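Below is one structure, written out as structure tokens; the observations come after it.
The values are calculated or read from the model by the stated rules, or taken from the named source; none is laboratory data. Everything quoted here is computed from the prediction, not taken from an experiment. Using ideal geometry, Cβ is built from the backbone for each residue, glycine included, and neighbour counts are taken over all protein chains shown. Heads up: the accessible areas ignore ligands, DNA and RNA and are worked out on the full protein's heavy atoms, side chains in. Shrake-Rupley method; radii C 1.70, N 1.55, O 1.52, S 1.80 Å.
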Amino acid sequence: MKGSPTKGLSDSAPLTITGWISKDISQSDANSSATNTITADLTVSGEVLAGTKLILRGFSNASLSPTFTGSGQILVSGGTYIDSEACWTGSSGTIVVSVMHKILAGAEFTFAFNITNPSSGQSAPTISIEATGPTVLPDEAMTSASGTNAPLLVTGFSLNSISQSSATPGAKNEIRVRFATYSPLHRSDLSRITISGLKGLTHSHSVQLLANGDHEAEFRRAFGSEAAFDQDTLSLQLLDDTKEGQIYDFSFELQNPSEGREAADVRIGSFGSYASDQSMLSAGGKQAPLVVAGFYAKDIGQSTCAQSAQNTILITLGTRVSLPKATKVTVSGLKGSVTADQRIGLVTLRAPNAGKPHFAPSAQWYRKTGTLIISVDEDTVPDGSYVVAISLRNPTVSQEGVEQVEISSTGAVPISVSLMRLGAGESHPLKVAGFSLRQLQLMVAAGVPNHSGAESLWHSTLVLSFSTNVGLRAGSSLVVQGLDFNRTQTTNGAKFWCWPSHVIHGQLLDHQNAALLSLVEDTEPNETYQCQGLSDFALTGIDQWVVTIRAENPEISPAPVAVSLDPCHHVADSQECQVLN
């Protein structure tokens, strides 16, 4: 734009410039996060007086350095006309340059300064220039260089997205990719596009590309119909230059694995003279790239291992994609309950959305196979955790619990069978408490004379050994019944020594033909404990004893104790031993 004649040439009045002859601006580097030299080439139609401020605006997202995004002084190279220091305002992307010496009308002058490009791609912003002070010019847009020389054009992707067609295990899956760039990519630079992070796909091969949309010919021209796949990265080699802002849309086909898998964190990159790498915008839900429907949470436990108890079975489940309404979730392998086949109540104890259980309030139960079929009443939340519960009755005998439990789903989003994680210890599903060892041994020491003519009594040591498949609670008791103390009156309340003594305290109760064991501390599962006491017994009829042992917490019903006699233990007289035998 040509300037008009100047007015007000006296020293006391500022000179007003009506226009610029040229106001060009360019950059040296379009790479993200690069140190970038910005060069302004200016020519004015009148004089620019010393003290004039040249204000350049529009350097959006730029900074003085990668670690400094605020305001400060910036070095400027501009010969004798321009001050070597300028003021930078980071928040607005503005630089104020001072004119040190008068610039004659029509004289071209240049200055340059370095800034740091933003870390991600962007299109070139509009840069404007204004003069204030002795020489005044309204704010006007500068003329930007073209292509990657346009100031603050940062190479990268102006658009990128990735999605898939199917989250079904084992299914064919079409991966769709769309992208556009802020600047052209050139074949002469050996440029290529990469899609990386395609986890689970680690073999090397070529992939057929299917062009989508209205620009199929444009895609074929630039990339052809085949790409190389190596490790987790798909590479598209340029066959021809791409176009700035052109949307390239293509698909390729993969085979989903048979088991569930999380969505991939996919990145897109361009390589050549200019490089860029950024996360892709991934679709959500079952269209998220490489997600395969599956249970990421699949835990099962129980509330009690007590015999005959009503037992709450707790199921924690969560899926990577939403389970639509009418989906059937099948839990199988819960064998060992005595609850008959029936519709059984199902309670949702925890759900991502309060007040929306998403599962039907009852489920179908089949005892023989231990199968529970749960119905989805409302679409579930992907990656949401649910806890549901049913009640089953434990049997009256001990059992170690299920070996394995499986979970799967059928419907619009089928999920393959997989093993559930079983609770440990007493939480192991359908584990029922019981005695794994229960023995009573009578070791005879010596005969006791009986002057009434009745059957002789023998000093004997009782040794009780027991263990349980679960730990017993401190503060509870075990009771041994069926000990025949009827022939003696000497043992009631006698000490029943137990080991370890800090865990169990015991005593004999001959009036009740019993022994009481009080737990001071919790016992350990499958650890053997012993108690020992002294008493006098008539040895005849011992084979008729019916001795039982029961536990209080967790409850274990009375179980028979194996009774044995060691008649020669500590009996010195061989004739006595022969009598006992």
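Overview of results
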quantity: Selection count where residues are modelled with pLDDT of 90 or more and either outside any strand (DSSP E or B) or farther than 26 Å from Ser120 by Cα (or both), scope region 263-283; calculated: 7
quantity: When residues of region 291-344 are limited to those that are open to solvent by 50 Å² or more (accessible area, probe 1.4 Å) and not in a strand (DSSP E or B), the one nearest to Arg473 (Cα to Cα); calculated: Ser303
quantity: Subset tally (residues that are over 28 Å from Ser165 (Cβ atoms) and in contact with a Lys or Arg (Cβ under 6 Å, 6 or more places away or on another chain)) for region 272-309; calculated: 2
quantity: Selected residue (criterion: surrounded by the most Cβ atoms within 10 Å (Cβ to Cβ)) from residues of region 126-139 that are assigned to a loop (DSSP other than H, G, I, E, B) and not polar (S, T, N, Q); calculated: Ile127
quantity: Filter pass, Ala263 being more than 30 Å from Ala433 (Cα to Cα), touching a residue at least 12 places away in the same chain (Cβ under 8 Å) and surrounded by 23 or more Cβ atoms within 10 Å (Cβ to Cβ); calculated: yes
quantity: Of residues in region 345-376 being touching a Gly at 6+ places or on another chain (Cβ under 9 Å) and within 14 Å of Ser332 (Cα to Cα), the one surrounded by the most Cβ atoms within 10 Å (Cβ to Cβ); calculated: Ala363
quantity: Search result, residues across region 392-405 that are buried (at least 17 other Cβ atoms within 10 Å of the Cβ) and either under 31 Å from the mean Cα position of the chain (by Cα) or under 22 Å from Gly318 (Cβ atoms) (or both); calculated: Gly401, Val402, Val405
quantity: Restricting region 71-114 to residues that are open to solvent by 20 Å² or more (accessible area, probe 1.4 Å) and touching a Gly at 6+ places or on another chain (Cβ under 6 Å), the residue that is nearest to Ser128 (Cα to Cα); calculated: Ser71
quantity: Top-ranked residue in region 442-493 [being touching a Ser or Thr at 6+ places or on another chain (Cβ under 7 Å) and modelled with pLDDT of 90 or more; ranked as farthest from Gly425 (Cα to Cα)]; calculated: Gln481
quantity: Residue match in region 211-220 (condition: open to solvent by 40 Å² or more (accessible area, probe 1.4 Å), assigned to a loop (DSSP other than H, G, I, E, B) and of a type outside the set (S, T, N, Q)); calculated: no
quantity: Strands (runs of 3 or more DSSP E) enclosed by region 380-450 - at least 2 residues per element that are touching a helix residue (DSSP H, G or I) at 6+ places or on another chain (Cβ under 7 Å); calculated: 435-448
quantity: Residue list for region 409-422, restricted to those being open to solvent by 20 Å² or more (accessible area, probe 1.4 Å) and under 25 Å from the mean Cα position of the chain (by Cα); calculated: Thr410, Ala412, Pro414, Ser416, Val417, Ser418, Leu419, Arg421, Leu422
quantity: Count - residues of region 33-53 that are farther than 15 Å from Phe111 by Cα and part of a strand (DSSP E or B); calculated: 1
quantity: Odd one out for Ser123 among (1) within 16 Å of Gln246 (Cα to Cα); (2) crowded, with 17+ Cβ neighbours inside 10 Å; calculated: (2)
quantity: Within region 140-149, considering residues that are of a type in the set (Gly, Ala, Ser) and at pLDDT below 95, the one surrounded by the most Cβ atoms within 10 Å (Cβ to Cβ); calculated: Gly147
quantity: Residue within region 268-281 that is open to solvent by 60 Å² or more (accessible area, probe 1.4 Å) and farther than 30 Å from Glu244 by Cα present; calculated: no
quantity: Filtered residue count, region 54-113, keeping only those that are small (Gly, Ala, Ser) and either in a strand (DSSP E or B) or in contact with a helix residue (DSSP H, G or I) (Cβ under 8 Å, 6 or more places away or on another chain) (or both); calculated: 7
